[in-house]
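No lab work stands behind these numbers, since they all come straight from the coordinates. Treat the numbers as computed from the prediction; the structure is a model and nothing was measured.
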Amino acid sequence: MLIKNRNLFRLTRFMLLRIPGLFRFFAKFRSAKKRLLIIKTDAIGDYILSRNFIEIGKASEKYKDHEIDLLGNNLWKDLTLKYDSPFVSNFFFIDPDGLHESPLTVLKLGWQLFKNNYEAVLQPTFARTLINDGLAGLTAAKQIVGFSGDTERINTKYKTGTDRFYTEKLSLPAGIDFEFERSKFFFENVLNQPVAINGPYILVENSKRQGIILFPGAGVAKRNWEPEKFLELIKLIRQQNSEPVLLAGGPGDIAAGDYISANLPPGSINNLIGKTSLPQLVELIGNAALVIANETSAIHIAAATKTKSVCILGGGHFNRFAPYPGYMENKPVSVFEKMDCYYCNWNCIFKTGEKEPYPCISTVSVEKVWQEVLPLIS
């Protein structure tokens, strides 16, 4: 979290830590409505791994007669509006990082959430943040449930302050590391019922799967497998398979896509980087024969749409987002070079150039990825 204006942040921090107490006092004089708020403001991949629990919550005995609202991230607004509207009454979308220096926006949103008079608020993200905790507190709901959590994304002193906003904090048992399993544990405990699904799913219309899609980006440049390696991999694919080859990703991946395209014969690939909306990307992945990507949302979308995929994986969040547990169907094939420093939360101990990937990414060879890709395209 990079703060540019410390004064604005101090105002925001004051509102998130102090005003919930005032709202909680006023909430004593009202009766809660049958309304539930789910707060989930993480990135796209986190959302893909948790979104199915919204539908399950709506159908549950506990909340079947409640209105369910969702406070989400602008990054995946179009996607949740398309797939989750049948289960959600009202949507609120934010830029979580931007709110740190937007005290007026925080106050307006907090007041709006308070006026909605929620009976319950669920904050199912294990890695809690000041923004999520503070907004949960500003609702002054009768029941606010979250994880005890860790301090990966929140300062210890802030977490001590926001712990008091929760009426119940769940402790995650040892061995539950994968993000989907964390969400499943959370909702099973909150709903007081078993959850039958064993992995994320998105229903897309598809006829004949075709095309190999490569995603050269990972959201953060230093987690990107080198464009030169993607180029060599495409050349190997072209020698063995006649399927259409496509590049996809967001605006931040345009430079990598241009480099790859410029070093291949004209017509070798279709470069769609920066040219698709998120719902279009889901449809594209759902109709593909194979996806090859860094550990990013594309891998989780592939798993959810039952598309075969190969994930080039680093060690920062190893076991949290990949590899997928062995029992899960449609799990990606993960390719990695295990290092002693894995599980570092991307706090890398090695010094690398500004544009160089982390060593746990760069040590993954083209040959090792190709060994996993070849059986899937033969």
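Taking every pair of alpha-carbon atoms in the stretch 95-235, what share in percent sits in each 10 Å bin, from 0 to the bin with the longest distance?
9, 27, 28, 22, 12, 2
Rounded, prolate or oblate: which fits the stretch 12-191 when a ≥ b ≥ c are the square roots of the eigenvalues of the alpha-carbon gyration tensor, with rounded for a/c under 1.5 and prolate only if a/b beats b/c? Mind dumping the intermediate values first?
Details: a/c = 1.27, a/b = 1.13, b/c = 1.12.
Verdict is rounded for the stretch 12-191.
Identify which of Asp177, Asp65, Asp163 has the largest mean-square fluctuation in a Gaussian network model of the chain, with springs joining Cα atoms closer than 10 Å.
Looking only at Asp177, Asp65, Asp163, the biggest GNM fluctuation is shown by Asp65.
Using a Gaussian network for the chain with springs between C-alpha atoms less than 10 Å apart, which of these wobbles most: Arg128, Arg223, Arg209?
Comparing Arg128, Arg223, Arg209 in the GNM, the peak value goes to Arg209.
What aspartates and glutamates does Lys4 reach when the alpha-carbon gap must be under 20 Å and sequence neighbours fewer than 8 apart in one chain are set aside?
Asp95, Asp97, Glu101
Show me the helices of the chain, taken as full DSSP H stretches, that run 24 Å or more along their long axis by Cα and average -0.5 or above in Kyte-Doolittle hydropathy. Walk me through the intermediate numbers first.
Details: long enough: 6-27 (31 Å, 0.57).
TM-like helix candidates: 6-27.
Cα centroid distance between the stretch 119-192 and the stretch 323-364, in Å?
Cα centres, the stretch 119-192 to the stretch 323-364: 27 Å.
Out of [x] 27, 55, 17, 1; [y] 30, 60, 10, 0; [z] 24, 48, 24, 3, which label holds the value of P(r) over Cα pairs in 20 Å bins from 0, in percent that was computed here?
Structure-derived value, by its label: [x].
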